[in-house]
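Undergrad: The structure's right below; bear with me while I get my questions together.
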Amino acid sequence: MSKQIQDYLQTQALSLSYEDVAVARATTQTVLANGQAHIEHAILLHDGLPENLSNQIHILKQLFIALDSVYSRQPIQTATLYAWLPETENLLRLAQVGVAIEDEIAVNSDSVWYYLAARTVQSGWANIAENVEKWQQIGELRGNHNQRAHSQTSLPICGEDGVVYGVLHLESVAPLSDDELANWVGFTLGVLPMLAELVPRSNSDEFGVE
């Protein structure tokens, strides 16, 4: 398991504390296994979820509790966990805390310029826009909707084989500190097994974005 953290940090070019990420991952896994709370189904579900996902209400609940656990320790503007569905070329919201943003994001050659989460799932690499305004000025990010937050961070949720199962997208009023980012990276690694169970891949799955 230690290799998982090392590989992720190296692949994503993130200079973070291994120990901090490991603690955050373990905390997330504990919450996923044991976390309990009463959550209204309306908070967990939305119209874009297909039946095979909306029926997994227990998994959706545990993902929400785990996301909220990190958010409660270091609140930011928005934290959204998306599942990647190659068959429909869509990112779908599984859990969200803070200010509500998109429930669904189409992933194609156009949308990657408007949504960091789409770019992250297309490339498999983290995208960190510490200053969104500057990214827009140099043409790396488009769309007025991106002005809602000063900083954005999109982290791929992927296995050691490079297969991407989803994206954790964060929006904040200031760039994340290394300690904050380590906590969110630990979350992405902690939820990976559950996300891989929720949206399994077959050998025939292809990305399909031109």
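Undergrad: Would you mind telling me the share, in percent, of accessible area of segment 1-198 contributed by carbon and sulfur at probe 1.4 angstrom?
TA: Summing carbon and sulfur atoms, their accessible area is 49 percent of the total for segment 1-198.
Undergrad: As a test of the formula, what do you get for the chain when each DSSP H run with n ≥ 4 contributes -39,500 (n - 2.57) and the sum is divided by the residue count, at 222 nm and rounded to the nearest 500 deg cm²/dmol?
TA: Only helices count here, giving -12500 deg cm²/dmol.
Undergrad: In the full protein assembly as shown, how much of Y115 is accessible to a 1.4 Å probe, in Å² to the nearest 10?
TA: For Y115, solvent-accessible area is about 60 Å².
Undergrad: In the neighborhood of D179, defined by Cβ-to-Cβ distances under 12 Å, what is the net charge if each Lys or Arg adds +1 and each Asp or Glu adds -1?
TA: -3
Undergrad: Can you tell me the mean projection area, over all orientations, of the convex hull of the chain's alpha carbons? Units nm², please.
TA: Averaging across all directions leaves 11.1 nm² for the Cα convex hull.
Undergrad: When only the heavy atoms of the protein chains count and the probe is 1.4 Å, how do V173, V132 rank by accessible area, highest first?
TA: From most exposed to least exposed: V173, V132.
Undergrad: Subtract the Cα-Cα distance of K134 and R148 from 0.36 nm times their separation in residues, and report this length gain in nm to one decimal.
TA: So the extension gain works out to 3.7 nm.
Undergrad: Then there's this: Any chance you could list the semi-axes, whole Å, largest first, of the equivalent ellipsoid that the Cα gyration tensor gives for segment 1-80, using √(5λ)?
TA: 27, 15, 13
Undergrad: Would you please give the residues with an amide H less than 5 Å from that of L94, counting only those at least 5 places away or on a separate chain, with H modeled from the backbone geometry?
TA: HN-HN under 5 Å from L94: L81, Y82, A83.
Undergrad: In nm, to one decimal, how far is the S15 label point from the W113 one, both placed 7 Å along Cα→Cβ?
TA: According to this spin-label approximation, the distance is 3.3 nm.
The values are calculated or read from the model by the stated rules, or taken from the named source; none is laboratory data. Quick caveat, the model's predicted, so the values are computed rather than measured. A quick note on method: Cβ atoms are made from the backbone with ideal geometry, for glycine too, and the neighbour counts reach across all protein chains shown. The accessibility values were calculated without ligands, DNA or RNA, using every heavy atom of the protein model including side chains. Shrake-Rupley method; radii C 1.70, N 1.55, O 1.52, S 1.80 Å.
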